[in-house]
Amino acid sequence: DHSTISAAIKAAKPGARILIRPGTYTENLVLDKPLELIGEGERDEVLVAVTSGDALRVSASLGLVRNMRFLRGQGKGNDVAAWVTAGRCVFEDCSFTCRSLSAVVVKGAGTAPGFDRCRFEGSAQGGASVLDHATPRFEECRFSDNDLHGIGIVEKADPELRRCVMRQNTQVGAFVYKDGRGRFTDCDFAQNGFDGVATEEGGAPHLKNCRLIDNQQWGFSTEDKDGGGTVEDCLFRGNARGAWNLTEGSEGRVVRRDNREE
């Protein structure tokens, strides 16, 4: 009924479902009311690609985005593939890439989107950045081949990650700092260029039943005396410099329980 996704969003009433045919759409999308955006066809056949502005900006209280790929190419400005500033929108089977910054930014108290089976990959900085008290949920997601970290958590943000993979990022799988938190359950941190998990400046993630394997430096590292966290029932194996790197003064901030080192 419409030649662009933006036109369909503008015309749709709250609660409507928009079906999007396979193709490349060069437009900046704004989702500011409850809608469902459903990509038809195989995964990644619906591509929203831009070189200026955010590919998608979400402020709706609710919504669903399924089976779409968002790409922010190289360009000027602090723009990303998806910027979520409010609400509980759910993303299913989507992928996100940004050639200039992090792929996805989730920011703000009360901002709690869900990401199911999504990919955050190939970005110039992080796969995802969670800021300023945001509490998103990630399940069965993959953060890979990003130039800095798979996921960065900062400013008292507290995401929940279950059965996620942080693999082959240039620096660390997860970087938690400036009082960031984060709850990781049944997650894999593998083959990252530096550490599986790194914390500093009051960062304190909670890892349970995770695997920190084959990272090129440490499995878990505190970068300064204020780094911390809780690590329990986790497996450490094949990390080039060892399982733990606890900066002097940070030892008391790291709780370790029932972990295995092979």
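The values are calculated or read from the model by the stated rules, or taken from the named source; none is laboratory data. In this text, all values refer to a predicted model and were calculated from it rather than measured experimentally. As a convention, Cβ positions derive from the backbone with ideal geometry for all residues, glycine included, and neighbour counts pool all protein chains shown. In case anyone asks, the SASA skips ligands and DNA or RNA and just uses the protein heavy atoms, side chains included. Shrake-Rupley method; radii C 1.70, N 1.55, O 1.52, S 1.80 Å.
In this structure, Lys76 and His2 have a Cβ-Cβ separation that, at R0 = 25 Å, corresponds to a calculated FRET efficiency of about 0.25. Electrostatic bookkeeping for Glu200 treats Lys and Arg as +1 and Asp and Glu as -1; over the other residues with beta carbon under 13 Å from its beta carbon, the sum is -3. If you take the beta carbon distance between Ala124 and Asn209 as r and set R0 to 41 Å, what does 1/(1 + (r/R0)^6) give as a FRET efficiency, to the nearest 0.05? Given R0 = 41 Å and the Cβ-Cβ separation, E is 0.80.
Max-minus-min Cα coordinates of the chain on each principal axis give 61, 32, 30 Å, with the largest extent listed first.
By the rule of a C-alpha distance below 14 Å, with chain neighbours fewer than 8 residues away ignored, the aspartates and glutamates paired with Lys178 are Asp132, Glu155, Asp158, Glu200, Glu201, Glu223, Asp224, Asp226. Here the spin labels are modelled as points 7 Å beyond Cα on the Cα-Cβ line, and at Ser61 and Thr26 they lie 3.8 nm apart.
Rounded to the nearest whole angstrom, the semi-axes of the ellipsoid equivalent to region 172-216, taken from the Cα gyration tensor as √(5λ), stand at 18, 13, 5, largest first. Residues whose amide H falls under 5 Å from that of Tyr25, counting only those 5 or more places apart or on a different chain, are Leu47, Val48, Ala49, with hydrogens built in the peptide plane. From a point 7 Å beyond the Cα of Glu140 in the direction of its Cβ, which residues of region 90-132 have a backbone N at a distance under 12 Å? From region 90-132, the list is 92-94, 116-118.
Applying 1/(1 + (r/R0)^6) with r as the Cβ-Cβ distance of Lys178 and Asp116 and R0 = 30 angstrom yields a FRET efficiency of 0.60.
Annotation: amide H of Gly219 within the under-5 Å range of Gly196, Gly242, Ala243, Trp244, sequence separation 5 or more or interchain, hydrogens built in the peptide plane. Between Glu155 and Leu19, the contour length at 0.36 nm per residue exceeds the Cα-Cα span by 45.3 nm. Sketch the reach of a paramagnetic label on Asp132 as a point 7 Å from Cα along Cα-to-Cβ, and name the residues of region 73-107 whose backbone nitrogen lies under 19 Å away. So the set is 77-89, 101-107. The mean of 1/r over all pairs of different alpha-carbon atoms in region 1-148, once inverted, gives a Kirkwood hydrodynamic radius of 14.8 Å.
Distance between the modelled labels on Glu201 and Leu235, one decimal in nanometres: 3.4 nm (7 Å Cα→Cβ projection).
Here the simple spin-label model places points 7 Å from the Cα toward Cβ, and for Glu45 and Arg162 these points are separated by 3.1 nm.
Note on exposure: Glu160, Glu262 ranked by accessible area (1.4 Å probe, complete protein assembly) read Glu262, Glu160, with the most exposed listed first.
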